[in-house]
1. What does the structure give for A:40-53 when I average, per residue, the other chain Cβ atoms found within 10 Å of the residue Cβ?
2. Please give the Cα centre distance for region B:23-74 versus region A:277-350, rounded to the nearest Å.
3. Could you compute the FRET efficiency for residue A:129 and residue B:6, with r as their C-beta to C-beta distance and R0 at 35 Å, rounded to 0.05?
4. I'd like the carbon and sulfur percentage of the solvent accessible area for chain B, probe radius 1.4 Å, heavy atoms only, ligands and nucleic acids excluded.
5. Please report the accessible area of residue A:327 (heavy atoms, 1.4 Å probe, ligands and nucleic acids excluded) in Å², nearest 10.
6. So how many Å³ per residue does the convex hull of the Cα atoms of region B:93-136 work out to?
7. So, R0 is 25 Å and r is the distance between the beta-carbons of residue B:91 and residue A:397; what FRET efficiency does that work out to, to 0.05?
8. Most fluctuating residue of B:94, B:134, B:145 in a GNM of chain B with Cα springs under 10 Å: which is it?
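The values are calculated or read from the model by the stated rules, or taken from the named source; none is laboratory data. Note that the structure is predicted; figures quoted are calculated from it, not measured. Cβ sites come from the backbone with ideal geometry, for glycine too, and all protein chains shown count toward neighbours. We work out accessible area using only protein heavy atoms, side chains counted, and drop any ligands, DNA or RNA first. Shrake-Rupley method; radii C 1.70, N 1.55, O 1.52, S 1.80 Å.
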Amino acid sequence: MSLGYLWIFVVLLALGMPIAFVLLIAPGLSLVIDGLDTRFFSKLLSTLFTGMYSFPLMAIPFFILAGDIMNRGGITRNIVRFSESVIGHIRGGLAQVNILSSILFAGLSGSAVADTSALGKMLIPAMEENGYSRRFSAAVTAASSVIGPIIPPSGIMIIYAFVMNVSVAGLFLSGFVPGLMIGGGLMLMTVYLARKRNYPVASEKATWGECGQAFGKAFWALLTPVILLGGILGGVFTPTEAAAVAAFYAFIVSLFVMRTLTFKELPSIFVSTAIQSGVILFLVGAAVTFGWIITISGLAREGAAFVQSLTDNVNLLLFLVNILLFIVGMFLDAGPAILILGPVLEPIFVDQLGMHPLHFAIVMCVNVTVGLATPPMGLVLFVASSVSGEKVEKIAYEMLPFLAVEISVIFLITFFPALSLTLPRLFGFA
Amino acid sequence: MTETLASRIVERLGRFNGFIGLIARNFAAGLIAVMTVAVLAGVFFRYVLNNSLAWTEDSSILMMIWVAFLIAPYAYRQGGHVGIELLVTSLPKPIFRMIRIVMHLLILWLLLRFMQEAIIYVTRGFNMRANTIPIPIAYFRLIVPVSLGMMILIGIELILRDVLSLVDRNGDHDIANRPSAAPPE
């Protein structure tokens, strides 16, 4: 079939049609134009159904569920208190607490948006009271939230692993170092800004006793990543089962141990999980269908030929693909960006140019995740804006130094594969 | 006169669509709970009772697919499917509406074309079974035409709302305060 569907795809996307429908209608129309619809239309529909037939994919609803339960269960508060006891006493204390909480939270949740709203609701008002400007408070929250899907668990990585057939556990492991690099980089940048702008400290230096007490309260929450990753890496659970166990664990802890959740809240948690997972799963089904069209139309082959005609310098190509992903990330959500571009780009860089599958995966995941916090279309930015009441463009401007840190990390992990590949290699996944 | 009749029809269709959308949504929420229990039961039986349950995997996958098809109509009506509306929302409202009508018409075309295929898809499934489940797969595939049917009705409603809003100078006929479903990630 012809590649005409690409143009239809771009036009419909620009005209605001929901992406899930664009992914089905662009190839559908193209099939009709090429006169192939009687032969292929049934496959278009059946792929939508069978495209979701996957046990690994089910980790997505379970991680969403676990995150939802933890966000309502008062776990956020305990994590923030613990961070404050550790780092609250240095200059720019609450900003540092915000970043440290995001790093800790990243081990529990796989979603940047959830982190922004949970931490933002608590920390933005507190920071304002403490003398920070509202736009800076919102910017720190948004910038540090992108660590959420980079440090495992991660919804975005599950999607990538499913569509491109790489190991979820391997991808999770390769996210650790990049996630900590972003966290550390943001903290250093905050130290610099705090000195320059003379930001206040948050609290007296906590004694070891106070630290221990705060740790005790956060202990149950901080145990989640241990159970999750220990279970997956130890071969006890598949990632999907680990996600279900995490949801169950969060449920038990918030309902019976911490008593911050009531049975009455459960139906609304299941409804919200169903909506979020239903939307993303439908999109995944549509993207698998689109991926099938990409294969039969030979787009990957032609794309590879085109890319290789530009230059055969792999590093230059990697630089260019990062720019491309970053621009796409400005307009698209991380999930759709991976679902649409993954099947096109991965064969070029992995099969043709010989990159390690996990290395390309982590570069792509980190890049489109940072895109969640870039204007004009950045979900994290929108949530930070609605939580703080500050305008999106003001937050975006205030975020520039943090964005510089994140872009540097993207290029570091692109050109130094060992940063992301060492951990998976140690555990035998790469 | 015709306008008020038309708007009454749209309101009635809207109420029906909203109602079945809500039922589908709550059913999906129930399925999330059941599939969580099914997967946990699988783990429990394997480790604690040393006896793998074969059916938990297939059945929970099918439930997940049902969640996607049950939520699709709800999200379509609430505007919960992610899209790039940056360009079109900056256009004058009437032009925005006209573009949106064209988009919904295209979606309606796809849904109707899919409905034809879905009927064949279901009937073919009467001779097929998922590996571990003794019921023909056709019953699980039934969700496809059901979901398509709901979306067709919703598509008609949304198109009519935009058309009415274009001809009626007294105000718009959009669904009142759509609580946008927060997309994940």
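1. Values: counts 0, 5, 7, 1, 4, 11, 8, 0, 8, 12, 1, 2, 8, 6.
The mean count of partner-chain Cβ atoms within 10 Å per residue comes to 5.
2. If we compute the Cα centre of each part, the gap is 31 Å.
3. Details: r = 53 Å, r/R0 = 1.52.
Computed FRET efficiency for residue A:129 and residue B:6: 0.05.
4. Numbers: 6100 of 9180 Å².
Of the solvent-accessible surface of chain B, carbon and sulfur hold 66 percent.
5. Surface open to solvent at residue A:327 totals about 90 Å².
6. Numbers: hull volume 3.6 nm³, N = 44.
Roughly 82 Å³ of hull volume per residue.
7. 0.45
8. Largest GNM mean-square fluctuation: B:134.
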